[in-house]
Amino acid sequence: MALSWRSWLANEGSKHLFLFFWLSLNVWLFGKTFLLYNQGLQYYYLHQMLGLGLCISRASASVLNLNCCLVLLPMCRVLLAFLRGSQKVASKKTRRLLDKSKTFHVTCGVTICIFSVLHVAAHLVNALNFSENYNEEFVTLNAANYRGEDPRKLLFTTIPGLTGVIMVLVLFLMCTASTYAIRVSNYDIFWYTHNLFFVFYMLLMLHVSGGVLKYQTNLEEHPPGCFNPNKTLRQNLTVPKAFGELFPDYTTEPFPEDPPVPEPFVQNSFTRVCSEEPKFQSHFPETWFWISGPLCLYCVERLYRYIRSNKPVTITSVISHPSNVLEVRMVKDDFEARPGQYVILHCPRVSALESHPFTLTMCPTDTKATFGVHLKVVGDWTERFRDLLLLHSNQDTEILPIFQQRRYPKLYVDGPFGSPFEESLNYEVSLCVAGGIGVTPFASVLNTLLDGWKCYKLRRLYFIWVCRDIESFRWFADLLCMLHNKLWQENRPDYINIQLYLSQTDGIQKIIGEKYQALNSRLLIGRPRWKLLFDDIAKCNRRKTIGVFCCGPNKISKILHKLSNSSNSYGTRFEYNKESFS
């Protein structure tokens, strides 16, 4: 299978190039800061005490500042949704980069973990050097109180040390709870530990305010390695013998000579004369400049989201579908959404702090204000939510008048937020592949096309839906049939190509009901032959760009991703977009 470089660049190449650029930026920043502290004259005396520990700790700190600054931006969901939906980002390729926000967030998080280990190791060496290399000549330069002080006191009795230890513990909890195994087995652990980020940032702002590391401010008056006549005069003074006998503690010993100046610090071969003693000053906490902007932006967005979602929605109906799927329809004042977007549901009676994202399967339009979600009951949160909604009903379907809505628990909706599936209507040809409950993003697209398709760029839609049991197709069977009949009435039967695959079965099965005959003829047994499918689509759409959208298991996603990057003899290019379950 030949690789199309153009398709690779459109699908995966941009991400790889960006990650390479990000890695190069971090390495460049680390190296530049390392050289600054290794060769900078203002750090000469501090470098004599700490050695490479100073350079490594400060270089890793600069990388941490950058990543702690940017790791919050991908979590500004309102900002990303605004950029995606506005005309500020007109390029489709640029908008597709917004879909990599989660990848960028994870990349920054991994970078923070790696350089935190390096930063901690360097500061452990620094604590030891502060104790052993206590500078009796320039006392203000020391972090220790005396030579040989226990380094553990520097770690547990100072603000920088204590906050650093707590931040390491918080970061360890966040990182371990972010692994795939924990997120899948117990999402609550991931949710609660990840919200410790606010504690981490508060400790970070305290951590950098200690002012442990100091630099020299009077380089003109006291260049490193200069000749100090006052010091030389004191060394050459002879103390009378009688004075030495009366004050034995003040008997003179030869002063150690000035340590040799390393080559990077040598300005020229002429030794300058010092006009005053060196003066040292702590750095202003640069971390505040790095994180204050993104942190304030994130806090403002969270406040805006809280205000926007503080009014509960009105639940109009709750429908229990086969295979443990629940549909919730609701109404909210001034709620607007685009097909493909998702919302975050919060039910205080289920959990006071926990909330979960769900893709909209029905968006409000000019003629109806109702919107809805389908959720599969697979965990503790969804089980408790289902029990509360269907507490007083033994029927599969419950539709209540408005004056009886108090039977439902209070439900708050935050959103909507953007997703890759918003682009499905912006291609001339789109291929939408769903696996099981992964059909939910495409349901809102199909509902939108049912209301009217002529106003969109999309002119042909390939819809592939793979399920394990026949009952799952009934979630949206009515919607598919209505859209199919509407397009036949408008003489556009070729607008949508529906293929339903039943992956596990004991024999020929059909979707029960006479009204589903149009779907029964499109029901196939087994799994799709993806290579043949892509070749057929490429042949029917020569020299066109086709948007590929997938929401389903990773196995299907990887196959579609690989096929989208492969070349074909028809000049057709596939651009891959993905939404994963976790």
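Quick check on my filter: what residues within the stretch 278-319 are of a type in the set (Ser, Thr, Tyr), over 30 Å from TYR44 (Cβ atoms), open to solvent by less than 90 Å² (accessible area, probe 1.4 Å) and part of a helix (DSSP H, G or I)?
Restricting attention to the stretch 278-319, the residues satisfying the condition of being of a type in the set (Ser, Thr, Tyr) are 282, 287, 292, 298, 304, 306, 309, 314, 316-317.
Going one step further and asking which of them are over 30 Å from TYR44 (Cβ atoms), we end up with 292, 298, 304, 306, 309, 314, 316-317.
Of the ones still in play, those that are also open to solvent by less than 90 Å² (accessible area, probe 1.4 Å) are 292, 298, 309, 314, 316-317.
Hits for the stretch 278-319 are SER292, TYR298.
Name the residue that is farthest from LEU70 (Cα to Cα), counting only residues in the stretch 182-221 that are assigned to a helix (DSSP H, G or I) and open to solvent by 70 Å² or more (accessible area, probe 1.4 Å).
Step one: list which residues in the stretch 182-221 are assigned to a helix (DSSP H, G or I), which gives 182-185, 187-194, 197-207.
If we keep only those that are open to solvent by 70 Å² or more (accessible area, probe 1.4 Å) as well, we get 184-185, 187, 189, 192, 198, 202, 206.
Details: VAL184: 26, SER185: 29, TYR187: 24, ILE189: 24, TYR192: 21, PHE198: 15, MET202: 16, LEU206: 19 Å.
So, considering only residues that are assigned to a helix (DSSP H, G or I) and open to solvent by 70 Å² or more (accessible area, probe 1.4 Å), the one farthest from LEU70 (Cα to Cα) is SER185.
Pairs, please: C-beta under 7 Å, at least 6 apart or cross-chain, first residue more than 13 Å from VAL378 (Cβ to Cβ) and in the stretch 177-188, second open to solvent by 70 Å² or more (accessible area, probe 1.4 Å)?
ALA177/ILE189; ILE182/ILE189
Within the set of pairs 6 or more residues apart or between chains, which connect a residue that is without any contact (Cβ under 8 Å) to a residue 24 or more places away in the chain inside the stretch 534-562 to a residue that is open to solvent by 30 Å² or more (accessible area, probe 1.4 Å) with Cβ atoms less than 6 Å apart?
SER557/LYS578
Could you name every one of the strands (runs of 3 or more DSSP E) located completely within the stretch 505-579 that has at least 1 residues being at pLDDT below 90, open to solvent by 50 Å² or more (accessible area, probe 1.4 Å) and more than 30 Å from LYS102 (Cα to Cα)? Can you show your working first?
On the way: elements: 523-525, 545-551, 573-579.
In the stretch 505-579, the matching strands (runs of 3 or more DSSP E) lie at 523-525.
Has the stretch 114-121 got any residue that is outside any strand (DSSP E or B), at pLDDT 85 or above and over 30 Å from CYS299 (Cβ atoms)? It would help to see each step written out before you state the result.
Looking only at the stretch 114-121, we keep the residues that are outside any strand (DSSP E or B), and these are 114-121.
With at pLDDT 85 or above added as a condition, the list becomes 114-121.
Among the residues that remain, those that are also over 30 Å from CYS299 (Cβ atoms) are: 121.
Yes; the residues of the stretch 114-121 include at least one that is outside any strand (DSSP E or B), at pLDDT 85 or above and over 30 Å from CYS299 (Cβ atoms).
Show the residue pairs meeting these rules: Cβ distance below 9 Å; 6+ apart or different chains; first residue within the stretch 435-447 and over 15 Å from LEU480 (Cβ atoms); second residue β-branched (Val, Ile, Thr) and in a helix (DSSP H, G or I).
Every condition considered, the pairs that remain are GLY435/ILE556; GLY438/ILE556.
So is ALA127 of a type in the set (Gly, Ala, Ser) and over 30 Å from GLU277 (Cβ atoms) or not?
Values: of a type in the set (Gly, Ala, Ser): yes; over 30 Å from GLU277 (Cβ atoms): no.
Here the answer is no, as ALA127 does not meet what is asked.
Return the pair list, or none, for Cβ contacts closer than 9 Å from residues in the stretch 409-428 that are under 12 Å from PHE442 (Cα atoms) to residues that are surrounded by fewer than 21 Cβ atoms within 10 Å (Cβ to Cβ) and aromatic (Phe, Trp, Tyr), at least 6 apart or on different chains.
Short answer, once both residue conditions are applied: LEU425/TRP453; LEU425/TYR456.
Go through the stretch 89-113 and report how many residues are modelled with pLDDT under 90, aliphatic (A, V, I, L, M) and open to solvent by less than 60 Å² (accessible area, probe 1.4 Å).
Matching residues across the stretch 89-113 total 2.
Rundown of residues vs (1) buried (at least 20 other Cβ atoms within 10 Å of the Cβ); (2) modelled with pLDDT of 90 or more; (3) part of a helix (DSSP H, G or I), yes/no style:
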site	(1), (2), (3)
GLU354	no, no, no
GLY372	yes, yes, no
THR382	no, no, yes
SER393	no, no, no
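Please count how many residues of the stretch 476-498 are part of a loop (DSSP other than H, G, I, E, B) and over 23 Å from LYS376 (Cα atoms). Before the answer, list the steps.
As a first pass, look at the stretch 476-498 and keep what is part of a loop (DSSP other than H, G, I, E, B): 476, 490-495.
Filter again for over 23 Å from LYS376 (Cα atoms), leaving 490-495.
So the count comes out to 6.
Tally time: how many residues in the stretch 320-334 are at pLDDT below 90 and assigned to a loop (DSSP other than H, G, I, E, B)?
Count: 5.
Pull up the stretch 122-140, narrow it to residues that are assigned to a helix (DSSP H, G or I) and of a type in the set (Ser, Thr, Tyr), then point me to the one that is farthest from GLY161 (Cα to Cα).
Filtering first and then ranking leaves THR140.
Can you confirm whether LEU154 is under 17 Å from MET49 (Cβ atoms) and assigned to a helix (DSSP H, G or I)?
Answer is yes for this residue.
Being part of a helix (DSSP H, G or I) and open to solvent by less than 70 Å² (accessible area, probe 1.4 Å) is the filter here; which residues of the stretch 169-180 pass it?
The answer is VAL170, LEU171, MET174, CYS175, THR176, ALA177.
The values are calculated or read from the model by the stated rules, or taken from the named source; none is laboratory data. Treat the numbers as computed from the prediction; the structure is a model and nothing was measured. Counting neighbours? That spans all protein chains shown, and the Cβs are built from the backbone with ideal geometry, glycine included. We work out accessible area using only protein heavy atoms, side chains counted, and drop any ligands, DNA or RNA first. Shrake-Rupley method; radii C 1.70, N 1.55, O 1.52, S 1.80 Å.
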